[in-house]
Amino acid sequence: MSDLDQPLFSDAAAPLSELLQGVVERLTYHSDESGYTVARFKVPRSSELVTIVGNFASIQPGQTLHLEGIWREHPKYGAQFQVTQYREAKPATLTGIEKYLGSGLIKGVGSATAKRIVAYFGADTLEVLEQQSERLAEVPGISQKRVKLIQAAWAEQRAIKDVMLFLQSHGISTAYAVKIFKQYGDASIATVTQNPYQLAAEVYGIGFVTADAIARSLGIDPGSDYRYRSGISHMLQAAATEGHCFLPQPELAERAVQRLSLPGHQPDLAVMTQLTSKMALTGELVMQLGNAEQPAICYDPPFYGAEFKLAERLALLLSQPLTVDLPRVQRWIDRFIEKTGMPLSDQQRQAVEIAASSRLLVLTGGPGTGKTFCTRTIVALWKAMGKTIALASPTGRAAQRLSEMTRQEAKTVHRLLEFDPSQFKFKREADNPIPAEAIVIDEASMLDLFLANSLLKAIRLESQLLLVGDIDQLPSVGPGNVLADLIQSGQIPVVRLSEVFRQAQSSQIVRNAHEINQGKLPILEPVSLQPDSDCLWVNAFQPEQGLRAIQQLVNQTIPQLGFEPLRDLQLLCPMIRGELGTRRLNQLLQQLLNPPSASQRQLNRGSKILREGDRVIQQSNDYNREVFNGDIGRIQAIDLNEQSVTVQFAERLVSYDYADQTELELAWAVSIHKSQGSEYPVVILPIYMQHSLLLSRNLIYTGLTRAKQLAIFVGSQKAIEFAVNQTKNQQRYTLLAERLRELLR
């Protein structure tokens, strides 16, 4: 599991950290799931209540708390105290004790019962609860059954306090402490003390980095077997972020040695290599033995299972016989051409015939080669054959385009598979397949290993599948290179459309995309107000020049060319960080396109501002809300009282509470990777050598082909040349093609 964008440890040692003591008066908001809380707090010698914000495992009005944190300024409500650490203190007065007990903290004790208990025991009330809780039966009106309820609830609250105190004493932020307690309950201290690396495998949001920091705080030996095993598993999962499904054993051992090295501690490479073999025996990883020429390879078990099962399911689908009256299909094609007046190229006609007669077809090709019309024709043929059809794409925008193209409902792949958040799995699988005889998946280059495996499991073996995608685009953000592997296997029918149609040849965007694919530099026209092409260029060698150029394009040039930047423009960047990364450009574009105004509410979270009217992107799959990584929407409303943000995604309104707003980022500028599956009227592409680590031919090709009407490159010619010539970084460790060949041999 990856670490979320939270501080690993609290920032209690920061210079601005302060202490605050007082009593919780009331709760404005509390999430049982995350522990995120907004509360009103009474401090001594002050008539005004303070707003406190933080993560609390359990919090109720009446609790006396010692808080540590920093003051932050809210745009509407003023000063708020951001809690980084807390501990509970006993109430000092009888009124405080009564309010504390009657707050709802203890099941079975309401305000009336609390009043009777305090009236009977007075200042000794809390000591009685701690040491002699059976004496509660002495209080008039409290039965033995009620006493047992109170004893159990008090013990639970005491356990929470002990766990939180222990975790915070080792520098663990309250956000993580709450997650740990919710996972392990009373066993939290024992679990963390014995093996904190267990957290990385079992607590969502806590990865190896955090677990390792906790272990160091506890004084666990950096050479412990727990640490080494967790580190090796972490390196396999980290490799997945690079697209790899496995790592060769020597590379895995070397990566682990580098990651696990600390000042004064250097793991031995031979020991690490031996440990990977031991982990294969215990099932912590899957090892496939090599030979004299190739080393053994190591998988995280879920990756091995997904790759093998995907290959197996593909082989089963391809082995199912399919009979079709091909002459009848050919006659239908002739009539279709005559009726529509739209001729099919030889390649397109071949694709339609294969789609009619094969279980599986991959249709690929660059812009302007007619993938859209070919797909529409195949769907029309399947309809004429009386087949039930399902259409889907990995992203909402691509699904919307597919629906418009075929004039039939299209869904995201996640919705097609009907994800069930309560079970955290798809409802559609082998025992409950997709109820369709023919399925089209557009933008198939975006399918990663796990989504492709889930999809194939849910397709009946009697069905047909058409995968449409541009093989020259970036591969999936997730692990694997599924579309490329299927083509490379040589076991699946593939039609690659290469002929650029006449109407598309007039577009310099299309021509440049094909030039880039062939390793040639794009032909770019300098920006002017009367351009002759749709592919323009601003030669801004220095990043500061690039920022000024982008500002001028947004404010002046693009509007003068007849476009509305707020609606039509999208900046696509190779990187997130840097002067011309998405973070910096989002701040600039927010100021240009959606500046602050009295009529627009906004929320400030550190340096990030979310404002009504902002374009935002979903950063992770949120199955409960049915919003997925890469979905782009617009903020419709911000409720400062409820601390909620409402975002419009296509036709749906989705509400986020304050604790979940980390899922959203500004999307005036997004990474090229996140733009896959989308198209925009106008695209600006800043390309600089500071992006050199990520620059590649398929990256610049993908960014350019997102533009429908106008593309503008901003940057240095050297960086564009570098990107066009860079093809090495496309290699990913996968064995899907080999497994498919072996199964169908």
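Note down the net charge around Phe308, summing +1 for each Lys or Arg and -1 for each Asp or Glu among other residues with Cβ under 12 Å from its Cβ. Let's see the in-between values first.
Numbers: positive: Lys309, Arg313, Arg739; negative: Glu307, Glu312, Glu738, Glu742.
Summing Lys and Arg as +1 and Asp and Glu as -1 gives -1.
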Give me a comma-separated list of calculated 3J(HN,Hα) values for segment 257-262, in order, Karplus coefficients 6.51, -1.76, 1.60 applied at θ = phi - 60°, integers in Hz, x for any Gly or Pro.
4, 4, 6, 8, 6, 10
Just list whichever of Lys383/Lys457; Lys161/Lys425; Lys115/Lys161 have alpha carbons separated by over 31 Å in the model shown.
Lys161/Lys425
Using the per-residue mean of other Cβ atoms lying within 10 Å as a proxy for protection, in what order, highest first, do the peptides 325-332, 267-274, 62-69 fall?
62-69, 267-274, 325-332
Thr323 accessible area, assembled protein chains, probe 1.4 Å, Å²:
130
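So what is the relative contact order of segment 508-656, in percent, for Cα pairs below 8 Å that sit 6 or more residues apart?
Values: 168 pairs, mean separation 15.1, N = 149.
Result for segment 508-656 is 10 percent.
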With the contact rule set at Cα under 8 Å and sequence spacing of 6 or more, what percent relative contact order holds for segment 377-481?
26
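Sort Tyr623, Tyr120, Tyr299, Tyr304 by heavy-atom solvent-accessible area, probe 1.4 angstrom, most to least.
Working: Tyr623 45, Tyr120 105, Tyr299 0, Tyr304 70 Å².
Sorted descending by solvent-accessible area, the residues read Tyr120, Tyr304, Tyr623, Tyr299.
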Quick one: what are the phi-derived ³J(HN,Hα) couplings along segment 376-383, Karplus 6.51/-1.76/1.60 with θ = phi - 60°, whole Hz, x for glycine and proline?
4, 5, 5, 5, 4, 5, 4, 4
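In what order, largest first, do Ile160, Ile576 sit by accessible area if the probe radius is 1.4 Å? Show your work: numbers first, answer last.
Numbers: Ile160 15, Ile576 80 Å².
Of Ile160, Ile576, the descending order of accessible area is Ile576, Ile160.
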Taking all protein chains in place and a 1.4 Å probe, what share, in percent, of the accessible surface of the chain do carbon and sulfur account for?
49
Solvent-accessible area of Ser655, probe 1.4 Å, all protein chains present, reported in Å² to the nearest ten, please.
70
Packing-wise, with mean Cβ within 10 Å as the measure, how do 612-622, 334-344 rank, highest first?
612-622, 334-344
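Counting only heavy atoms of protein chains, what accessible area per residue, in Å², does segment 585-734 have with a probe of 1.4 Å?
Values: 5680 Å² over 150 residues.
Per residue, segment 585-734 has 38 Å² of solvent-accessible surface.
Highest mean first, how do 558-569, 441-452 rank when packing is the count of other Cβ atoms within 10 Å averaged over residues?
Descending mean neighbour count gives 441-452, 558-569.
Give, as a single signed number, the net charge of other residues whose beta carbon lies under 10 Å from the beta carbon of Gln508, with Lys and Arg counted +1 and Asp and Glu -1. Display every interim value, and only then the final one.
Numbers: positive: Arg511; negative: Glu515, Glu525, Asp532, Asp534.
Here the charged neighbours net out to -3.
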At R0 = 45 Å, how high is the FRET efficiency between Ala153 and Ala270 if r is their beta carbon distance? Nearest 0.05 is fine.
0.25
To the nearest 10 square angstrom, how much accessible area does Lys42 have with a 1.4 angstrom probe?
70
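Efficiency by 1/(1 + (r/R0)^6): what FRET value for Ser217 and Arg331, r their Cβ-Cβ distance, R0 = 51 Å, to the nearest 0.05? Provide the component values of the computation, followed by the final result.
On the way: r = 75 Å, r/R0 = 1.48.
Computed FRET efficiency for Ser217 and Arg331 comes out at 0.10.
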Search the structure for amide H atoms under 5 Å from the amide H of Gln726, placed 1.01 Å from N in the peptide plane, and list their residues when 5 or more places away or on another chain.
Arg697
Compute the Rg to Rh ratio over segment 299-354 from the alpha carbon atoms, using the Kirkwood formula for Rh, and round to two decimal places.
1.29
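Could you please put Phe81, Phe308 in sequence from largest to smallest accessible area, using a 1.4 Å probe? Display every interim value, and only then the final one.
Working: Phe81 0, Phe308 75 Å².
My answer, sorted largest first, is Phe308, Phe81.
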Counting alpha carbon pairs within less than 8 Å and at least 6 residues apart, what relative contact order, in whole percent, applies to the chain?
10
Might you report the magnitude of the Cβ-based charge dipole of the chain about its Cα centre, with Lys and Arg at +1 and Asp and Glu at -1, to the nearest 20 debye?
1000
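The values are calculated or read from the model by the stated rules, or taken from the named source; none is laboratory data. These numbers come from a predicted model, not from an experiment. Glycine also receives a Cβ, built like all others from the backbone with ideal geometry; neighbour counts cover every protein chain displayed. For accessibility, only protein heavy atoms count, side chains too; no ligands or nucleic acids. Shrake-Rupley method; radii C 1.70, N 1.55, O 1.52, S 1.80 Å.
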